[in-house]
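Just so it is clear, none of the values below were taken in a lab; they were calculated from the coordinates. Fair warning: this is a prediction, and the values are worked out from it, not measured in the lab.
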Amino acid sequence: MANKVIYPGTFDPLTNGHLDIIQRAASMFDEVIIAVAASPSKNTMFTLEERVELVKQATQQFANVSTKGFSGLLVDFARDEKANILIRGLRTTVDFEYEFGLTTMYRRLLPGLESIFLTPAEEYAFLSSTIVREVAIHGGNIDAFVPQVVHQAINAKMAQK
Ligand code: ADP
């Protein structure tokens, strides 16, 4: 059976921590779909279309990785894509509590859907999109934390304000 996995998230914006997980997943599975969530309840810095485009640009080098936006339930997206494995990133025990709740719910909603948790390189263990946005908004240098295309997009976004 070919292993097709989904890596879901809001990616507002994609960070080097996300990229680290994508790289690991791409080397382990036949096909990785990055599922960018519309997340209407989150007041995102980037629109869904912008987030999808940035993820696409930053992951061009991976031949077995594709990116799609979705809204609604993740389990419905997984069913439509005929993928039965979710990849999630685990940074600290704080993530664990949240992720454990999510994975339990997903399995109730779609029996057979498994979650696999990957940990990033240690330098990304404390990196989040929220922190990147905060540092950028206050004029800090985010070079080490996001791909170049994301950095440029954040600069452009700030210039609009
Ligand atoms: P969500 O809104 O689903 O939490 P995120 O875009 O914040 O979306 O994260 C998507 C996934 O990537 C989650 O599993 C999250 O734990 C993981 N993740 C986020 N940042 C990192 C990081 N620095 N290292 C490893 N995993 C990460």
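In order along the range 146-160, the Karplus-derived 3J(HN,Hα) couplings, from 6.51 cos²θ - 1.76 cosθ + 1.60 at θ = phi - 60°, round to 9, x, 3, 4, 5, 4, 5, 5, 5, 4, 5, 4, 5, 5, 6 Hz, and Gly and Pro are given as x.
For the chain, the Kirkwood estimate of the hydrodynamic radius, built from every pair of different alpha carbons, is 16.2 Å.
Relative contact order for the chain: 30 percent, from Cα pairs under 8 Å spaced at least 6 residues apart, divided by residue count.
For the range 1-44, averaging the sequence separation of C-alpha pairs within contact (under 8 Å, six or more residues apart) and dividing by the residue count gives a relative contact order of 56 percent.
Altogether, the Stokes-Einstein calculation at 20 °C and 1.002 mPa s, with the Kirkwood radius of the range 84-161 over Cα pairs as Rh, returns a diffusion coefficient of 145 µm²/s. For the range 71-76, backbone phi angles converted through the Karplus equation (6.51, -1.76, 1.60; θ = phi - 60°) give residue-by-residue couplings of 10, x, 6, 4, 5, 5 Hz, Gly and Pro being listed as x. Rg of the Cα atoms in the range 23-62, relative to 2.2 N^0.38 Å, amounts to 1.35. Reported to the nearest whole Å, the Cα centre-to-centre distance from the range 109-161 to the range 35-85 is 15.
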